[in-house]
Amino acid sequence: MTPEIHTPVLIVGSGSAGLCAALWLSKFKIPYTILERRDGPLKIGQADGVQTRTVEIFDSFGIAEPLLKEAYHVLEIAFWAPAGAEGKGIKRVRYEADREEGVSHQPHVILNQARLNALMLGQLDLSDGNGKIEYETEVKSVEVDESVQVGDLDAWPVRVEAVRRDGAVRSYRAKYVLGCDGAHSIIRKSLGYKMVGDSSDAVWGVMDIYPRTNFPDIRKKAVVNSSVGNILIIPREGDEMVRFYTELPAGTKVGDVTRERLHDHARKVFAPYEMEFAETAWWSAYSIGQRHADYFEKNLRVFLTGDACHTHSPKAGQGMNVSLQDGHNIGWKLGMVLGGLAKPEILSTYVLEREKTAKELIDFDRGFTKLFSTKYRQEHGVTPEHFAEQFVKAGRYTAGQAVRYDASVFTAPGPGENDKELAANITVGMRFPTAQVVRFADAKAMQLVNGMPATGAWYVVVFAGDVSEEKAAARLKTVSQRLDDTVKHFTPPGADPDSVIDRVLVIAGDRKKVEQEEIPEFFTPMTGRWKLKSLTKVYADDKSYNSGHGHAYESYGVSSRSGAIVVVRPDQYVAKVCQLDQAGDLEDFFKGFLEIGA
């Protein structure tokens, strides 16, 4: 009998979702094993669009710099339409900014998925024995012992059978399994779950090419609508390669598509501009469909992510991003549960949040895809101007910034418009926005979210107002004492005081009127190996020396007189907004899901 290998978390598939979940587990020092049927890391990926939200996630993990350095930055969209009354040829009808102003401090970029995965792999410390990746291993089945209770963390209720390429059979026992194994997921099929949804007769081709052309916008994101079809242009990283998404004529069958047919059709779309192909690095054809799994989990022990539970067209650039964000969502929750910090029942929020996101994405993709259909536009009188307007309006969604999680144990909106009265531009359930602030200790101008890295901790952000004023300073002292009591309640013995619930202070007014010793010690805890006073948690909404004034209070819609407290989850989503004098009530909020520390 094959001996069973025990691993607390078994991740099936080393794509974006699996690696992002593993990043969180490594933060919490939770052992995990990744099974991958390929013989090594992804070498050439087909996904390449990186949303601003995904860049923000990479930034929180400290790996955005190489991403931004290597990627193509999408700054402008060019819209082209048929030229002349007879529709012969094409003409540019407008330019638009790719990213809505204020939607994110990060750009929309293009970088091959293989490189993104490599950046995440580089962050995984596989030398400490907590994490490992087993390549050339194909999963065959998964079974869940349904008699085991959700809260039993001593049990190993999930059994996975796998076969290595050399024929050796492996049997694994896990507390939790993540099915990150793509659209043909063995995990999903083994559970008996099905993909539900629909597909259309529309067929599109996609190819990465090195074009020889006089088309003027070949190095810009461009939407080309011609009388013979549509092409979406996505410039790739570097200065030469370009991706074409090409609508093929009605009646086309996927199996009949060839590289030469894609070339010929592209020439017709771009006429009268010249379009030749020095090389085609990769090409494929697909029919458009939108589907999701009928179930996303099994007994809160097995969870499906990414293409294993939702598929859609690639034109909105959502697939890799939403998959990665699935892993981002479940990863920190598993880390908290297995780290003994949170109750196992909180894992149900993965389905609450990500199933809704997947269904919203499919609905969006269905409408977005219709805009690209020549037949649909003709039947519904969609003009080039209307098409461009709708494309631009979809920008916040395609940037990944429209996700809003419903109320749950992790997300507690206040009654009525109470939250908006305290912080007009902060929305509970959405990602915490950022603004420029000045770090109090060294006068460095920086984005506030850069002071809130992905460590696995929750953040309590206190907008205390102008503490150079006696009344505000006294109020902050009271708030700090109450928060200190709450944080100690959930911090395990011997752990750093900021390891479970971290804190950030943002003061208003002239920071030079405030001395360091006037800042409550709660915001400068003794942490780290040397137990030094942390001076990186206090910021001022003040003018910087070289970067101007960030006007953070105004950006967040917070009054400097009344102030506010914002609770931010480890994944940067807003959990709660409350008044400063409600600081003591936060203990009840955290009791809803955190384990008692002492």
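Of all aspartates and glutamates in the structure, the ones whose alpha carbon falls short of 13 Å from that of K537, not counting any fewer than 8 places away in one chain, are D442, D498, D502, E521. Taking the protein heavy atoms of the chain in the context of the full set of protein chains, the accessible area attributed to carbon and sulfur is 48 percent at 1.4 Å.
Nearest 5 percent is fine: what portion of the DSSP beta bridges confined to the stretch 478-598 is antiparallel? In the stretch 478-598, approximately 65 percent of DSSP beta bridges are antiparallel ones.
Where [x] 74, 67, 42; [y] 134, 59, 57; [z] 95, 70, 68 are the candidate values, the label of the one calculated here for Cα extents along the principal axes in Å is [x]. Distance between the modelled labels on I44 and N546, one decimal in nanometres: 4.3 nm (7 Å Cα→Cβ projection).
Annotation: extensible slack from E276 through S141 equals 43.9 nm (criterion: 0.36 nm per residue apart, minus Cα-Cα distance). For K356 and L535, a Förster radius of 30 Å and the Cβ-Cβ distance give a FRET efficiency of 0.15, rounded to the nearest 0.05. Packing order of peptides 470-479, 143-152, highest average first: 470-479, 143-152 (average count of other Cβ atoms within 10 Å over each peptide's residues). For the stretch 184-304, a simple Cβ point-charge model (Lys and Arg +1, Asp and Glu -1, everything else neutral) yields a dipole of about 520 debye relative to the Cα centre.
Across the chain, the longest run free of exposed loop sites, meaning chymotrypsin sites (Phe, Trp or Tyr not before Pro) lying outside DSSP classes H, G, I, E and B with no more than 11 other Cβ atoms within 10 Å, spans 1-529.
A straight line joining the Cα centroids of the stretch 343-394 and the stretch 130-192 runs 32 Å.
Placing dummy labels 7 Å off each Cα toward the beta-carbon, the span from A443 to R259 is 6.0 nm.
Charges were assigned to the Cβ only: +1 to each Lys and Arg, -1 to each Asp and Glu. The resulting dipole of the chain about its Cα centre is roughly 740 debye. The stretch between Q579 and D485 holds 32.1 nm of extra length on full extension. This uses 0.36 nm per residue minus the Cα-Cα distance.
Taking the DSSP beta bridges with both ends in the chain, the antiparallel portion is around 70 percent. With the simple spin-label model, which puts each label point 7 Å out from Cα in the Cβ direction, the E385 to Y95 separation comes to 2.1 nm.
How far is the Cα center of the stretch 73-122 from the Cα center of the stretch 1-68, in Å? For the stretch 73-122 versus the stretch 1-68, the Cα centre distance is 27 Å. For the listed residue pairs K27/K132; K43/K333; K444/K576; K221/K393; K420/K543; K175/K333, the alpha carbons are over 18 angstrom apart in K43/K333; K444/K576; K420/K543. Once the Cα-Cα distance is subtracted from the 0.36 nm per residue extended length, the R561 to V148 segment shows a gain of 143.4 nm. Using the Cβ-Cβ distance between A394 and N214 with R0 set to 25 Å, the FRET efficiency works out to roughly 0.25.
Averaged per residue, the chain has 42 square angstrom of accessible surface, using a 1.4 angstrom probe with ligands and nucleic acids left out.
The values are calculated or read from the model by the stated rules, or taken from the named source; none is laboratory data. No experiment lies behind these values; they were computed from the predicted model shown. Heads up, the Cβs are rebuilt from the backbone with ideal geometry, glycines too, and the neighbour counts pull from every protein chain shown. Heavy atoms of the whole protein, side chains included, go into the accessibility calculation; ligands, DNA and RNA do not. Shrake-Rupley method; radii C 1.70, N 1.55, O 1.52, S 1.80 Å.
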